[in-house]
């Protein structure tokens, strides 16, 4: 609608140009026609242009009124979602603990942890891994500090993912984590080593290029081997979606975690309704079946 309003502005500008052209035409034509004929022609053209301008003004006002009404409706819907969502998820993740791993280099919506808390669960640790794939010297330095001998970059990443996953799950990799923090490979917060009921991976990408997915997939393999459910989520407007790659590992996915439906789907998936949810072509449906869950 905003685009339509802008288009009308350009249209008005073009009409002004027509008026100017009309004036020039009248000046030239006045040497060829009688004054009465020129005046009558000018009046007809001017009347038509004024009618068009009036019609455009009325249309523009209608569009602006509609846009304002939609903005009000959107605000009401958001407020409704904010108030009803805690009611829908209450108690569904009671006493459950989850680890969160952020792999998109842009953070994650705070609503993820908030809605899990509303559902009675808790995110016990948050691990943010930076994009280090083009930093072979960094990986080599980490391996040197840790006393590891592997030099193949692909195997280094695989080993790195396994060690990070083990640290999240077991909590006994403090020196290793400190080394990674010093080399700007990751940041961490929370309590590690608390048995978790699931891992939430925040993926997607906002950069100019797709990133290497090896670390993500190796991490998923580690938790799958322990039969710990993995849920991969991303925001609606990411430049690059990695949902399809995650689905090849047979894990649950949500592609609109920045929305109320996405957050409800997350809670239901974590509570025992796995699937691929969201609004993109890789989703099977918007939400899990909620008909039998409302009163649970």
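Fewest Cβ neighbours within 10 Å first, please rank 126, 290 accordingly.
290, 126
Arranged by the count of other C-beta atoms within 10 angstrom, fewest first, what order do 250, 183 take?
The fewest-first ordering by Cβ neighbours comes to 250, 183.
Given points 7 Å out from each Cα along the Cα-Cβ axis, report the residue 208 to residue 284 separation in nanometres with one decimal.
3.9 nm
Calculated FRET efficiency, residue 149 and residue 66, Cβ-Cβ r, R0 51 Å, to nearest 0.05?
Efficiency computed from Cβ-Cβ geometry: 0.15.
Between residue 217 and residue 78, how high is the FRET efficiency from 1/(1 + (r/R0)^6) when r is the Cβ-Cβ distance and R₀ = 30 Å? Nearest 0.05.
That gives a FRET efficiency of 0.30.
Beyond 26 Å, what percent of the Cα pairs of the stretch 91-277 remain?
So the pairs more than 26 Å apart make up 27 percent of the total in the stretch 91-277.
Only counting other Cβ atoms within 10 Å, I'd like 192, 41, 277 sorted with the fewest neighbours first.
Listed from fewest to most nearby Cβ atoms, that is 41, 192, 277.
Between the stretch 201-279 and the stretch 81-130, how far is it from one alpha carbon centroid to the other, in angstrom?
A separation of 14 Å, based on Cα centres.
Only the coordinates and a few stated rules stand behind these numbers; no lab work does. From a predicted model like this one, the values you see are computed outputs, not experimental measurements. Every residue, glycine among them, receives a Cβ derived from its backbone with ideal geometry; neighbour counts consider all protein chains shown.
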